[in-house]
Amino acid sequence: MKNVIKFLAAMTVFSVIFMSCDDEEDLAAPNVGDTQAKYIRETSAFLEAELVSEGDEYVTEKGIVWGTASEPTIDDNALETEDSEDLYTVEIEDLSAGTTYYARAYAMSDAGTSYGTEVTFETTTPVSDIEGNQYATVQMGDQVWMAENLRTTTYSDGTAIPNVTNEDTWSELTTPAYAWYENNSSNSDRGAYYNYYTVATGNLCPDGWHVATESEWQTLLDYLGSEPGRKLKFHGEQLYTDYNETGFSAGMEGYRASGNGVFARYGEWTWFWIGGADAFQGYTYAKKFEDDSHGVEHDLSSNQMGFSVRCMLD
């Protein structure tokens, strides 16, 4: 009888242990969703991913893994996020230009490590104008833009663009011209100011590139969603962490005025000409950014104004 009791006790303990192990094996690991490459630059990418559910255990770590081969894991390149939201973003850096990468979200818990759907993207490459000036680039959605203001003084066909320094002459122009801020070529890193007559030639951007049209601008703004200005610009003289997440890097470069030819609003506003726009008795629409606004305005302006230019890949 004692042997029977001992046997039953042993079986009970074994059953408890077995059921406990079975429960652990059946614990659901985290469920990770798709990964999206929102903004792609030459050496970095801004990715968005989602933790769909934690599963049966608390998620101890989540982030993005990436590599140059398909199905990367945490043993390749991994960047953990401290974002507590289920929908989170991660910026990965130290990438190589013109290279194909594979990335996916991951999440870890005591129940295991899970990976989301893989995304493939190719980092951008710089573009050069006819003078050899090189510009950083950024892909946003299906569009690739310059991430710097144009600073060429020569059309893509090799013709020189007139440099007009005199204020009165500038204010009366109805022909193409450019200027540097305060007429000082050492400010060329900010880009040149071009009047609309220069843009209207259709030869301002490098071959294979063009000044973005209104519909192309609208496609970009729709892709960015809320507060597009904040996502596209520097704030004042300094880049804050919650600004310029795209890497478009619109600085508040001001403009050259049409009525008196002076330089104005540096550090406060910046304007970008729209390509292919219809002129209305000497006026054309342009895109306006303000330092203290998160939006992007669409305003009519004199063709004699000196504004910045961004080119977009054809």
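Some notes on this structure:
- Mean separation of Cα contacts under 8 Å (6+ apart) over length of the stretch 31-122, as relative contact order %: 39 percent
- Unit charges on C-beta of K, R, D, E only; dipole of the stretch 127-313, Debye: 120 debye
- Across the chain, C-alpha contacts under 8 Å between residues 6 or more apart give a mean separation that, scaled by the residue count, equals a relative contact order of 15 percent.
- Just checking the listed ones, E167, E290, E48: in the Gaussian network model of the chain with Cα springs under 10 Å, the one fluctuating most is E167.
- Label zone of E227 (point 7 Å out along Cα→Cβ, amide N under 15 Å): in the stretch 60-91 this covers 89.
- Put in order of Cβ neighbour count within 10 Å, fewest first, the listed residues M146, M140 become M140, M146.
- Rounded FRET efficiency, nearest 0.05, which uses the C-beta distance separating Y58 from Q134 and R0 of 45 Å: 0.40
- Between helix 2-25 and the chain there is an angle of about 10 degrees, using the helix long axis and the longest principal axis of the Cα atoms.
- Of T137, T100, T124, the one that fluctuates the most in a GNM where the chain has Cα springs shorter than 10 Å: T100
- Considering only F280, F121, F263, the mean-square fluctuation computed in a Gaussian network model of the chain, springs between alpha carbons under 10 angstrom, is largest for F280.
- Taking every DSSP bridge with both residues inside the chain, close to 95 percent are antiparallel.
- Alpha-carbon geometry of the stretch 127-313: the Rg and the Dmax are 15.2, 43 Å, given in that order.
Since every read-out is calculated from the coordinates, none of them should be taken as a lab result. Because the structure is a prediction, the values reported are computed rather than measured. As a convention, Cβ positions derive from the backbone with ideal geometry for all residues, glycine included, and neighbour counts pool all protein chains shown.
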